[in-house]
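Okay, so here's the structure we're looking at.
The values are calculated or read from the model by the stated rules, or taken from the named source; none is laboratory data. Since we're looking at a predicted model, the values are computed, not measured. So basically every Cβ, Gly included, is an ideal-geometry build from the backbone, and we count neighbours across all protein chains shown.
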Amino acid sequence: MPSFATQQSLFRAYDIRGSRQYFTNDFIHALGRAFAHLYQVQQKTNNEKHSQSTNKKTIIVIGYDVRCGSDTIAQSLADILSQQGMQVIQLGLVTTPMMVFWAEQYQGHGIIATASHSAKDILGVKWLFNHTSPSSLDIQVLYQQLAINSAQHQSLSLIDRPIHHKQQHLPVSRVTSAYIDAITQAFKQIYQHNSQNPAESQIPACKLDLLVVIDCMHGATSNIAQPLFAHFCQQVIMLNDTPNGDFPSGNPDPTEPQRLKQLQHNVLFNQADIGIAFDGDGDRLMVVDNNGKVVTPDHLLYLLATVAVNQRPQSLNASLLNAKVLFDIKCCHHLPKLITELGATPVISKTGSSLMRQKIQHSDSQIIFAGELSGHFIFNDSRFIPYDDAMYAALRLLHWLAKPQLANPERTTNLADIIDGLPVIVSTADHYLPLPETLVSDCSIVQQLARFCQYLQQLVDATSTRSVASTVSSTQPDPQSIIACAPSFCTCSAKSQYITLEQAQALLPVGTKLSCIDGVRLDFAHGFGVLRQSNTSQNLTVRFAGDSIDDLIEIQTRFAALCRPFNEHLATQILAIVAE
């Protein structure tokens, strides 16, 4: 048996994903056996807790996206799991959120063969285990189980005995209709709980008076988006809605630069109210306003958070002050203030929709909504699955836009006008830079920068405190005193770099907020910047934003100056990034 050492890189922070050349038959079969072990252990644990369920079969739903090879992976995994005595329910071509929806109808176990928004030559697998998305540790444990199985030659031959159990294939019509019905019920609850006028307490008899343009990007939403949105909206225009794993119009990633040009053109040409784009597996959303302008993910996150807070169930009214909105560390500096003005508590998070889902699933989290810059948005108000379902999020936005009575009767329904009322954001895209090599193996570039910023902040804060407390100028520190990177904070190359106190105060002015929960984020008075290591590749991801182009350039200049002692080339790359 192969060791599958070359496949270890496929096991990433959020899922299994990589070049199709690594998805060999042997690897897929070994992966199926590892999944079988995972679900068997879970079933054994459940049986021990509930002795009356000892004969209950494990039920797993399985689906796949449109890319070439995903259906083969799904079928192979289904065969192996059924050989191991599990009940497999095949869904066919579905979005990832639809797989999750169907898993929730049974035991919370599900698998989908998908590489999400990646290029056509990439394959992958996502899964749900006991209603929960896997953590990065869970994903590595799965790989270790796969490696253990591959080393046990004799036991593998026993596992592969051709013991077949019947697999259930759900009809496409049932897979689709149940999903649409569940979303319809969610909106019935929204109208019932949020309308003070009894006449408006039912879901509108007529469809939303909106003209909507939808770009499916030839992905997994292609078969479902039209019937779903036509169920709610009067006019729907579809783009790229033929499932095609070759993705002839480009990668199914709506966040790529220029990727929404076709959608923008069609919104303007048809004088539509809104344009909507979904990624390859239907868990990411981007929006174009009625003027054909792409809505920044920061603004979109705020609008959807507004929907969630204003349309919260009555059961949450009493705890409004405790309602929380979660957003990832790459989102702009305006969000905390805007969310606070909604009456909710802003909470910053590490990047990763799976990490957000895990936070949401804590019963005491009080997180009513979560979103991240990449377009993942999660409603957690007990009306629908607490998962980043892009189609559901888009429908929540459409209903809020077309029916102001759900929140504010005086609000305009013109999306561009609503966006114009939000703070201006001048920003760079979420930019990838090659991860620099460091001379000190135990201190990455991100760690070096974090420790250096921590030291500078303590220095500036301490100096500011002494300055306020002191009434005798002679006791204040000399502004030109020489400061070195403190060995207690850093053992890296910055030890040999010296800056003056004046330079330290210029880099991190008093009041600068530093977060190191996921890389380095600095919030200044008129903007922010973030530098972190990607969870899915050997790259740094950086983003900068300001209230104006001058503010943006100033923040990039500060980050470049902070990085220069560690890597001159990185500093140059930061300065070369241009605004969107």
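Quick one: which helices (runs of 4 or more DSSP H) sit completely within the stretch 490-580 and have at least 1 residues that are under 30 Å from the mean Cα position of the chain (by Cα), surrounded by fewer than 16 Cβ atoms within 10 Å (Cβ to Cβ) and touching a residue at least 12 places away in the same chain (Cβ under 8 Å)?
549-563, 568-576
Just to check your reading of the model, which residue among 539, 567 is farther than 30 Å from residue 117 by Cα, outside the structural domain of residue 19 (by TED's automatic domain parsing) and out of contact with any Cys (no Cβ under 9 Å at 6 or more places or on another chain)?
567
Those residues that are more than 21 Å from residue 389 (Cβ to Cβ) and of a type in the set (Ser, Thr, Tyr), I need them from the stretch 228-273; list them, please.
242, 249
Being in a loop (DSSP other than H, G, I, E, B), at pLDDT 95 or above and among the aliphatic types (A, V, I, L, M) is true for just one of 205, 277, 220. Which residue is that?
Only one candidate qualifies: 220.
Which of the following residues is touching a Phe, Trp or Tyr at 6+ places or on another chain (Cβ under 7 Å) and at pLDDT 95 or above: 333, 376, 299?
Result: 333 is the single residue among 333, 376, 299 that is touching a Phe, Trp or Tyr at 6+ places or on another chain (Cβ under 7 Å) and at pLDDT 95 or above.
Against the condition at pLDDT 95 or above, hydrophobic (A, V, I, L, M, F, W, C) and in a loop (DSSP other than H, G, I, E, B), how does residue 439 come out, does it pass?
Values: at pLDDT 95 or above: no; hydrophobic (A, V, I, L, M, F, W, C): yes; in a loop (DSSP other than H, G, I, E, B): yes.
No: the conditions fail for residue 439.
For the stretch 75-120, enumerate the residues that are buried (at least 19 other Cβ atoms within 10 Å of the Cβ), of a type in the set (A, V, I, L, M) and out of contact with any Leu (no Cβ under 9 Å at 6 or more places or on another chain).
78, 81, 86, 93, 94
Go through the stretch 161-202 and give me each residue that's polar (S, T, N, Q), modelled with pLDDT under 75 and touching a Pro at 6+ places or on another chain (Cβ under 9 Å). Explain how you work it out, then say what you get.
Step one: filter the stretch 161-202 for residues polar (S, T, N, Q), giving 167-168, 173, 176-177, 184-185, 189, 192, 194-197, 201-202.
The next check asks that each one be modelled with pLDDT under 75; those that pass are 194-197, 201-202.
Within the stretch 161-202, just 194 meets the criteria.
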